[in-house]
Amino acid sequence: MNHTDRSEGGPRPTAASPSTERRQTIVFDAVSVVREGRTVLDGLSLTLTERRIGIVGRNGSGKSTLLKSLIGLVAPTEGTIIVDGRDSITDARAIRAVTGFLFQNPDNQIVFPIVAEDLAFGLKNHGFDRAQTAARVDAALDRLDIRALGRRRIHELSGGEKQLVALAGVLALGPKTVLFDEPTSQLDLHNRNRFRAVLAAMPEQAVVVAHDLELLDDFDRVLVIDAGRIVADDRPSRALALYRERSA
Amino acid sequence: MIGGIGADGASPLHRLPAGSKLAGLAVIATALFFVDVPAVLAIAAVIGGAAMLSTGRAPARLARDLALPGLAVVLVGLADVLLVDAATALVAVLRLAALLFFAQAVTLTTSTGELADTLERALVPFDRLGLLDAPRVALTLTLAIRFVPLIGAEIAAIREAQAVRGLAGHPVALAVPLIVRILVRAEEIADAIDARGFPPPRGPGILADRAAPSPAVPSEDLPHDHP
């Protein structure tokens with residue numbers, strides 16, 4: 001059974017991948033999540049393979065739960081989620097090694113008070129030695145052009161800088177996929193634009209929950225979720241138009 | 001004091017290994033509690049003060065760092081004067097001041113990562129006996145250092161909001177939203193820590209540098225050329 005309502009035309013085929021592009025196949029098979037008697041996800045079945053996937057919906061519609069369930073932070077009450085052949089619960093650790101998660105509030109994601117130490121935290125957890133960790137921390141900081149922040153204290157950074165540091169911590173692991181939970185909701189216009197540019201340049205697959213609809217304009221596929229069901233699954237122009245219509 | 005942890009610098013204390021500094025601090029702290037000669041304690045306090053100043057942190061910032069713990073020392077001294085006598089108060093104040101100065105010198109020159117790693121290594125024997133989980137204890141220390149200032153900021157924000165509503169100084173109006181915010185934050189922090197792969201895989205190499213990636217991560221999925 002498929003709750004998706006993929007309209008004629010469907011998501012456009014993904015453009016030819018650059019050699020550095022990395023992605024996974026994510027399969028939801030009749031996934032339901034019930035929490036405290038409330039159905040948060042309701043029998044979702046879908047396959048995600050595109051490089052850029054957006055998820056929109058009202059507050060409380062199940063977007064963040066869907067995202068968290070991908071890496072086993074939320075267990076399905078029914079059904080299974082398979083990420084590149086691995087079960088989201090029994091193989092959560094292996095999935096998390098190649099699937100990063102950027103939370104809405106970077107302050108809750110950053111564990112160490114110094115930027116470089118925080119980037120090293122995830123690497124240490126995944127078994128990298130000191131030399132590998134140092135090299136990866138530097139490379140991740142360079143990649144986002146924030147090397148100057150390496151020795152800075154987190155509490156001295158702006159919101160935009162914290163978001164980039166949190167993203168650098170994710171990218172340092174070299175994920176195939178990055179999951180973003182409303183990544184621009186706490187950013188000003190300048191930092192939103194900066195974040196968009198970073199996202200556009202990322203070769204990794206990205207699944208993005210957003211209220212900032214412009215962020216999803218050039219995505220490959222957008223899901224509209226309402227009351228735990230996918231009510232639209234289409235290219236951005238169609239899916240976002242439907243979402244705007246439903247939200248009017 | 002938390003704000004000053006791991007301040008940048010190149011003093012001799014910065015260059016000392018974290019384990020040596022923490023071991024030295026433990027020895028000094030223990031020794032101080034076997035000494036009750038005011039002159040000796042005063043010398044210790046002076047040496048501790050010198051160590052603190054050698055870190056290169058500006059005296060004004062040191063004064064700010066030590067304001068709260070210093071107040072606690074003064075209160076202890078006052079209580080001793082009132083309840084015991086002035087000589088006992090002098091010994092207590094000198095002892096605590098010396099300890100405070102040495103501890104500040106160590107925390108200023110040791111990063112949170114070094115502190116956590118050292119603590120984790122020190123707790124390995126207890127971990128092996130199954131008495132505790134060393135990585136979790138080290139993470140708890142890190143989280144306390146990282147998030148106590150954030151909770152301070154939450155308190156300030158709630159006080160401001162309640163003052164606008166005419167509830168300034170009302171303890172319940174502060175406590176209830178603070179507890180709710182802390183619980184909500186704690187849930188997301190726990191998720192974030194899980195998402196970042198904690199706890200590290202256990203095994204012989206639990207605390208040693210690992211030459212090879214964790215076997216928990218399929219080798220074909222490990223990143224290669226760039227992060």
Considering the stretch B:87-118 alone, what residues qualify as being open to solvent by less than 10 Å² (accessible area, probe 1.4 Å) and among the small types (Gly, Ala, Ser)? B:89, B:98, B:105, B:116
Look at the stretch A:76-100 and say how many of its residues are farther than 17 Å from residue A:45 by Cβ, surrounded by fewer than 19 Cβ atoms within 10 Å (Cβ to Cβ) and of a type in the set (Val, Ile, Thr). 2
Every residue from the stretch A:52-75 that is open to solvent by 30 Å² or more (accessible area, probe 1.4 Å) and either in contact with a Phe, Trp or Tyr (Cβ under 6 Å, 6 or more places away or on another chain) or more than 14 Å from chain B (Cβ to nearest Cβ) (or both): A:58, A:59, A:60
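Yes/no per residue for (1) surrounded by 18 or more Cβ atoms within 10 Å (Cβ to Cβ); (2) among the hydrophobic types (A, V, I, L, M, F, W, C); (3) out of contact with any Lys or Arg (no Cβ under 7 Å at 6 or more places or on another chain):
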position	(1), (2), (3)
B:125	no, no, yes
B:138	yes, yes, yes
B:142	yes, no, yes
B:150	no, yes, yes
B:154	no, no, no
B:177	no, no, yes
B:183	no, yes, yes
B:186	no, yes, yes
With the requirement that a residue be more than 12 Å from every other protein chain (Cβ to nearest Cβ) and under 16 Å from the mean Cα position of the chain (by Cα), what does the stretch A:83-92 give you? A:88
Count, please, the residues in the stretch A:62-79 that happen to be within 17 Å of residue A:94 (Cα to Cα) and either assigned to a helix (DSSP H, G or I) or touching a His at 6+ places or on another chain (Cβ under 7 Å) (or both). 4
Can you work out which of the residues in the stretch B:89-125 that are outside any helix (DSSP H, G or I) and within 11 Å of the chain's Cα centre (by Cα) is modelled with the highest pLDDT? B:110
Residue hits (the stretch A:30-51; of a type outside the set (A, V, I, L, M) and away from chain B (no Cβ under 14 Å)) are A:32, A:37, A:38, A:39, A:42, A:43, A:45, A:47, A:49, A:50, A:51
So is residue A:95 within 13 Å of chain B (Cβ to nearest Cβ), over 24 Å from residue B:144 (Cβ atoms) and not in a loop (DSSP other than H, G, I, E, B) or not? yes
Quick count over the stretch A:164-185, residues being among the polar types (S, T, N, Q) and away from chain B (no Cβ under 13 Å), is 2
Across the stretch B:127-136, the tally of residues that are part of a helix (DSSP H, G or I) and surrounded by fewer than 17 Cβ atoms within 10 Å (Cβ to Cβ) stands at 2
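The values are calculated or read from the model by the stated rules, or taken from the named source; none is laboratory data. All of these numbers come straight from a predicted model, not from anything done at the bench. Please note: Cβ atoms are built from the backbone with ideal geometry, for glycine as well, and neighbour counts cover all protein chains shown. For accessibility, only protein heavy atoms count, side chains too; no ligands or nucleic acids. Shrake-Rupley method; radii C 1.70, N 1.55, O 1.52, S 1.80 Å.
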